[in-house]
Amino acid sequence: MTTYLLRRILWMIPVLLLVALITFTLMHQAPGGPWDRDLNRRQVDAATQEALNRKFGLDKPLFFNFEGGNPFDSQFFNYVANAIQGDLGPSYRQRGRDVQDILFEPPKGKPFWDSRFGYSMRLGVLALILAAVAGIPLGILAALKRNTIFDYAALFVSTIGISVPSFVLAIFLIIVLAGQLNILKIIQRDWSNPAAWSVPAIVLGFGTFAYITRLTRNSMLEVMGQDYIRTARAKGLGGRVIITRHMLRNALIPVMTIMGPALAGLITGSFIIETMFGFPGSGREYVTAISNRDYSMIMGTTLIYAVLIVLANLTVDIMYGFLDPRIKVK
Amino acid sequence: MTTSTQTQAQTPVKPQPQTDPSAATTPGDLSAAFNRAPRSLWRDAWSRLLRNKAAIAGAIVILFFMFVAIFAHHLAPHNPLELNSGKGFLPPMWVQESSTGKAGSPEFVLGTDNLGRDVLSRVIYGARVSMVVGFIPTLIIVVVGVSLGLISGYWGGATDNLLMRFTDIVYAFPDLLFFIIVMTALRATAIGQFLNGLFLLFVALALVNWVGVARLVRGQVLALKERDFVLASRAVGSTHTRIMFRHILPNSLGVIIVAMAFLIPGAIITEAILGYLGLGLRPSTDPNDIFITSWGSMLLEGQTAINNQPWILLAPAIAVALVVLSFNFLGDGLRDALDPRLRE
């Protein structure tokens, strides 16, 4: 187990390096440079650009330095080395701010969770909690009352939730809640009010809710057909004990293990929802960076998100090992 | 032992109870069961599919949208690019706006957008992009994924190793972020402008999604090549090519078809999201173009009017939801029909 874990963790390094390499290469295909200004503003003159390039090491070769000295003294490897030390470089558009400051630095005197990333993290956690609290009981009930109208309703809702993308759902909800019923303000300004979080969190978590419902139901159905359930019944255990002690314990293993990736997916996948609701998270910052062509910001955020996803996928494998002793890692 | 085989080991293939269709019949009916004309697996699957109402409804909706996409230039009541000045923000024909006093007219069934362009015609033309984005990358994905999956599963070795390493990278990269990066970075290049930017989207979609298909086919091959009928075929001297194409591929087709049915809506959603971010299809100004607007771009254009003129946004949103839902119903139906053992 330990060697397996170690190998999995070590394997993350080349994977993340490649993600960085792909992103880096693609970003350098894009037109425009870090010192470009809006076309209607005064441009940075050539001499200053050169000085700035030298200061930030952008005059070096892209991948390998063949001009003698250290071959790894190139833009890419310096970027990676800095990124490991937590420095994602200056934003191309927000002058004087580094990418990591934009993402992780809260406003003065506020705790970490008031940073851009903190906001997205809280929204993701809230969405996951809502999805699990609604999805797990619904899935269990659907399995216990299999082939009843209840089961069909749960399946129908989960099919819609799995297939209809969240931003389309958001459009419907905004139009109904804000446009027709006037319950919700379209663009919230005040996110200190917990009620303001509910609609984005519900929309964001709906797909996950549908997925959890389906997974719980299928997993329950599988467990219900197992021999040990029959044994439990045969020795005269009551229905409730069988359900809680024998079925749920086993049926919820797959549900628990997807929580990590689900959370990572919700945090990294919330950018459209954040943009639609004007939510001040890292996702909306990312969309702004796309439209501003803020390449260093796009690259830094992508890397952070990739790290999150790789770690989340790792937790699945680890959790399986601990929760289900039947699965032995070779 | 590589990491990949370990990942495989964690999801043990559960022996599925093999349901024998004749077992359900009573002994008296047995002669009838034996005397009926032999039916192929595909006929069986087809008749099971026909009994699934949701799947058939989905298929009809998909066929309808394909028809709309092909004959868009005949079906659209207006030129989707025509600016009807003074007729901007008209509501759909059955709506009477109380605030502005504007009433919908039968001339513009689903209303007009801010520039007075006919929403219905634009939705009709948008179907084209969605259908093409759904089907073309999926075809590429299936061809590449199936060939590499077959080779990797059957021969193993370097291809297999490479496939597994590539999978790790693709799984680590959030796909949507990859699409966004590709579309932003290469948008201004020649490839990015080819086919109004659709070509680049095809490539990006194919690059990410072939891995899933290859993994799926590889798993199938690994399971099938140990089966007795393959062994028997080898024993009578079949060549490897013959075993691959006569035995393993036909037996994997069901899984491949189901995977296709779920890849298509995924691609359509991706296009809509990218369009909404302004990274999808490049809006065309030439009315003779095949691809003029997409549902994603329409969502972006309608976004600012979400409060007061929701119909601009509602029409493409409903279209996306309807098409995606239909593909999912069809996919579920196909899975149940092609592999009844997997029925939930």
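The values are calculated or read from the model by the stated rules, or taken from the named source; none is laboratory data. A quick note: this is a predicted structure, and the numbers were derived from the prediction, not measured. Reconstructed Cβ throughout: ideal geometry from the backbone, glycine too, with neighbour counts over all protein chains shown.
Here are a few things to note about the model shown:
- Cβ pairs under 9 Å, 6+ apart, first in the range A:311-322 and within 11 Å of chain B (Cβ to nearest Cβ), second of a type in the set (Phe, Trp, Tyr): A:313/B:171; A:317/A:4; A:321/A:4
- Among the numbered conditions (1) in contact (Cβ under 8 Å) with a residue 40 or more places away in the chain; (2) assigned to a helix (DSSP H, G or I); (3) away from every other protein chain (no Cβ under 14 Å), the only one that residue B:333 does not meet is (3).
- Hits in the range A:278-310 - residues which are in contact (Cβ under 8 Å) with a residue 60 or more places away in the chain, within 11 Å of another protein chain (Cβ to nearest Cβ), in a helix (DSSP H, G or I) and in contact with a helix residue (DSSP H, G or I) (Cβ under 9 Å, 6 or more places away or on another chain): A:283, A:289, A:295, A:298, A:299, A:301, A:302, A:303, A:304, A:306, A:307, A:310
- Applying the set (1) out of contact with any Gly (no Cβ under 6 Å at 6 or more places or on another chain); (2) within 30 Å of residue A:170 (Cα to Cα); (3) buried (at least 18 other Cβ atoms within 10 Å of the Cβ) to residue B:285 leaves exactly one unmet item: (3).
- Candidates B:45, B:69, B:59 - the one that is within 23 Å of residue B:253 (Cα to Cα), of a type in the set (A, V, I, L, M), at pLDDT below 90 and in a helix (DSSP H, G or I): B:45
- Matching residues, the range A:201-245, being within 27 Å of residue A:157 (Cα to Cα) and among the small types (Gly, Ala, Ser): A:201, A:205, A:207, A:210, A:219, A:225
- Residue under evaluation residue A:177, criteria (1) in contact (Cβ under 8 Å) with a residue 60 or more places away in the chain; (2) under 30 Å from residue B:305 (Cα atoms); (3) more than 25 Å from the chain's Cα centre (by Cα), criterion not met: (1)
- Filter result for residue A:206 (aromatic (Phe, Trp, Tyr), touching a helix residue (DSSP H, G or I) at 6+ places or on another chain (Cβ under 8 Å) and within 29 Å of residue B:272 (Cβ to Cβ)): yes
- Test for residue B:262: is it under 18 Å from the mean Cα position of the chain (by Cα), within 14 Å of chain A (Cβ to nearest Cβ) and aromatic (Phe, Trp, Tyr): yes
- Considering residues of the range A:1-15 that are facing chain B (nearest Cβ under 7 Å) and among the hydrophobic types (A, V, I, L, M, F, W, C) only, the residue nearest to residue A:305 (Cα to Cα): A:15
- Residue within the range B:224-242 that is closer than 30 Å to residue B:197 by Cα and either of a type outside the set (Asp, Glu) or touching a Gly at 6+ places or on another chain (Cβ under 7 Å) (or both) present: no
- Which listed residue is at positive phi and either crowded, with 18+ Cβ neighbours inside 10 Å or within 14 Å of chain A (Cβ to nearest Cβ) (or both), from B:278, B:237, B:212: B:278
- Restricting attention to the range A:215-269, the residues being within 11 Å of another protein chain (Cβ to nearest Cβ) and in contact with a Ser or Thr (Cβ under 7 Å, 6 or more places away or on another chain) number 2.
- Taking first residues from the range A:152-164 that are within 11 Å of chain B (Cβ to nearest Cβ) and over 17 Å from residue A:141 (Cβ atoms) and partners that are among the polar types (S, T, N, Q) and surrounded by fewer than 20 Cβ atoms within 10 Å (Cβ to Cβ), no Cβ contact under 6 Å between residues at least 6 apart in sequence or on separate chains turns up.
- When the residues of the range B:190-230 are filtered to those that are closer than 30 Å to residue A:30 by Cα and of a type in the set (Val, Ile, Thr), the one that is farthest from the chain's Cα centre (by Cα) is B:191.
- For the range B:236-243, the count of residues that are under 30 Å from residue B:273 (Cα atoms) and out of contact with any Pro (no Cβ under 8 Å at 6 or more places or on another chain) is zero.
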